[in-house]
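Values quoted throughout were computed directly from the atomic coordinates according to the rules given, and no laboratory measurement underlies them. Just so it is clear, the structure is predicted and the values come from calculations on it, not from any experiment.
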Amino acid sequence: DIINNVLKSLNNNLSEMIKSDLSEHPALASRPVSTIILDTMLHYFKSNARLYIISCILIWLFSILFISLVLKEFFNKNTVYIFILLASFPFFATSIFAEHLIIYFFSILFWSISLFFIIKFAKNKNLIFYYSGLIFLSLSLLSLENIFPLLWLTSFLPIVYEISKINSFNNKLLLKYFSTYVLPIIFICLLYVIFKVYILKLYTDIDYTYGT
């Protein structure tokens, strides 16, 4: 129903499309980043299915690229090549022209970029990478909350990387890693829950929070 309503307004002003979706559809209002992306694609791609297919393929391949760059820090090249080969041909199928397909792909892309940046921070200790990782993680959550199960990787994989590069380990160091990698993600998740449960109702016309 959501996609049909959006398609009917393809000729409308883009900002009006986004405003309408955010105010009228709780499912989209709780995912503002994916709503903006989806409406932008619908506005410019219209009913050209090829553009949607190409976009989804490119988004998926870029996600694989960033995850591969992360895996390269933990495994040998042959293992990474096998992952790229298998991930390039995922064992799932869904409808080509559906808003949820694009939302899923963008959410995974943002998450993979966030993981890449956080691992880069663990390696180089450049704060730009750290904050970039947290920003892309927030974008991923605001695209689709289904990436929640992947957050344990974002939290603990950098710690595993840090531990693998040191000779000694103690509780003080563990507390440092926990405060650097785990606490910020917990904080972002709490902010997202507050947004979804409480703030969302302030700018939507429907007194209903999707998924709660």
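Which lysines have a Cα less than 28 Å from the Cα of residue 176, not counting those fewer than 8 places away in the same chain?
Leaving aside lysines fewer than 8 places away in the same chain, those within reach of residue 176 are 72, 120, 123, 125, 165.
Report the gain in length on full extension from residue 77 to residue 127: 0.36 nm times residue separation, minus Cα-Cα distance, nm rounded to one decimal.
15.2 nm
What's the extension gain from residue 166 to residue 86 if we count 0.36 nm per residue and subtract their Cα-Cα distance?
Taking 0.36 nm per residue and subtracting the Cα distance, the gain is 25.6 nm.
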